[in-house]
Amino acid sequence: MAGKVFFGVSMSLDGFIAPDSPEELMGKQWMELQRWVFPLRFFRENLKLGKGGEEGRDNDIARETYVRTGASVMGKRMFDAGERMWPEEAPFHTPVFVVTHEKRDPWERPGGTTFHFVNDGIEAALEQAREAAGDRDVRIAGGGATILEYLNAGLIDEFSVALSPVLFGSGIRLFEGVDASRIALEQVHAEHSPNVTHLTYAVRER
């Protein structure tokens, strides 16, 4: 049986998941947004930053998200930013399908990540990702515009938001342009930690 299609993001209290410009990634606000992730033992292990790190529920959730993911889909904007910032051994360790107009051969990285470039739309990328994932889940990794496309197309089963105690004021809003007339949500989980609040919702057709 095919797994779920989901996304998981960190979001500021005023609804932003990233700065406007890719050049601002790794800037002060983005670092504050992701502050709950960086000390985690799983994060450090996955990026080979050394031993140690925090354990606890935040760490468990990060690890569980990784384990459930059999393939990922992302947009070209996210890939371009990541190509500059990810280490040689990219942190996915599964196939990644990039929705783009660029024609490019698959890009294989050490550690099991191969980027495949899909030129015929979000549904084609998802179909290839489902096949690659088998009975595991497909994660729509981002960025915000790609997540919104999948959400508005009715292709998301579930999503999780890590709500950080940070205000952005401007940037990329997670739900900017969402077709609220078609989408209903059911809260399935809420969990608070000292650093962030984890919210999980099932997506239903309204």
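The values are calculated or read from the model by the stated rules, or taken from the named source; none is laboratory data. A quick note: this is a predicted structure, and the numbers were derived from the prediction, not measured. Neighbour counts run over all protein chains shown; Cβ positions are idealised from the backbone, glycine included. Accessible surface is based on the protein model in full, side chains and every heavy atom, while ligands, DNA and RNA are left aside. Shrake-Rupley method; radii C 1.70, N 1.55, O 1.52, S 1.80 Å.
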Out of (1) open to solvent by less than 80 Å² (accessible area, probe 1.4 Å); (2) assigned to a loop (DSSP other than H, G, I, E, B); (3) charged (D, E, K, R); (4) closer than 17 Å to F7 by Cβ, the one R139 does not meet is (2)
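Identify, from the list Q128, Q187, the residue that is closer than 28 Å to F97 by Cα and out of contact with any helix residue (DSSP H, G or I) (no Cβ under 8 Å at 6 or more places or on another chain).
On the way: Q187 fails: closer than 28 Å to F97 by Cα.
Of the residues listed, the single one that is closer than 28 Å to F97 by Cα and out of contact with any helix residue (DSSP H, G or I) (no Cβ under 8 Å at 6 or more places or on another chain) is Q128.
I need a count of the residues in the stretch 143-153 that are more than 15 Å from the chain's Cα centre (by Cα) and either crowded, with 19+ Cβ neighbours inside 10 Å or not in a loop (DSSP other than H, G, I, E, B) (or both).
So the answer is 1.
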Whether any residue in the stretch 87-101 is acidic (D, E), open to solvent by 60 Å² or more (accessible area, probe 1.4 Å) and either over 24 Å from L49 (Cβ atoms) or touching a residue at least 40 places away in the same chain (Cβ under 8 Å) (or both) is what I want to check. no
Every pair of residues 6+ apart whose Cβ atoms lie under 8 Å, when the first sits in the stretch 57-74 and is open to solvent by less than 70 Å² (accessible area, probe 1.4 Å) while the second is outside any strand (DSSP E or B) and among the charged types (D, E, K, R): N59/R41; R68/R136; T69/R136; G70/D135; G70/R136; A71/R130; A71/R136
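Can you give me the number of residues within the stretch 113-128 that are part of a helix (DSSP H, G or I) and buried (at least 21 other Cβ atoms within 10 Å of the Cβ)? Let's see the steps before the verdict.
Here is the first cut: in the stretch 113-128, the ones part of a helix (DSSP H, G or I) are 122-128.
Add one more test, that the residue is buried (at least 21 other Cβ atoms within 10 Å of the Cβ), and what stays is 125-126.
The number of residues fulfilling the criteria is 2.
Just to be sure before I move on: is E131 open to solvent by 50 Å² or more (accessible area, probe 1.4 Å), touching a Leu at 6+ places or on another chain (Cβ under 8 Å) and either at pLDDT 95 or above or in a strand (DSSP E or B) (or both) in the structure I sent? Reasoning before the result, please.
Values: open to solvent by 50 Å² or more (accessible area, probe 1.4 Å): yes; touching a Leu at 6+ places or on another chain (Cβ under 8 Å): no; either at pLDDT 95 or above or in a strand (DSSP E or B) (or both): yes.
For E131, the condition - open to solvent by 50 Å² or more (accessible area, probe 1.4 Å), touching a Leu at 6+ places or on another chain (Cβ under 8 Å) and either at pLDDT 95 or above or in a strand (DSSP E or B) (or both) - is not met.
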Conditions (1) out of contact with any Leu (no Cβ under 6 Å at 6 or more places or on another chain); (2) of a type outside the set (V, I, T); (3) surrounded by 12 or more Cβ atoms within 10 Å (Cβ to Cβ): number failed by Y201: (1)
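In this structure, does R109 turn out to be basic (K, R) and within 22 Å of S10 (Cα to Cα)? Even if it seems obvious, please write down each step before you answer.
Details: basic (K, R): yes; within 22 Å of S10 (Cα to Cα): no.
It is false that R109 is basic (K, R) and within 22 Å of S10 (Cα to Cα).
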Taking the options R109, R77, name whichever one is of a type in the set (D, E, K, R) and open to solvent by 60 Å² or more (accessible area, probe 1.4 Å). R77
Which numbered condition trips up E64, out of (1) in a loop (DSSP other than H, G, I, E, B); (2) under 25 Å from R136 (Cα atoms)? (1)
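So that you can scan it fast, the table gives a plain yes or no per residue for (1) of a type in the set (D, E); (2) assigned to a loop (DSSP other than H, G, I, E, B); (3) at pLDDT below 95:
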residue: G8; (1), (2), (3): no, no, no
residue: D14; (1), (2), (3): yes, yes, no
residue: M26; (1), (2), (3): no, yes, yes
residue: M31; (1), (2), (3): no, no, yes
residue: L49; (1), (2), (3): no, yes, yes
residue: S72; (1), (2), (3): no, no, no
residue: M78; (1), (2), (3): no, no, yes
residue: G111; (1), (2), (3): no, yes, yes
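Could you say which residue among L49, L25, L33 is in contact (Cβ under 8 Å) with a residue 24 or more places away in the chain and open to solvent by 20 Å² or more (accessible area, probe 1.4 Å)?
Working: L49 fails: in contact (Cβ under 8 Å) with a residue 24 or more places away in the chain; L33 fails: open to solvent by 20 Å² or more (accessible area, probe 1.4 Å).
One residue alone meets the criteria, L25.
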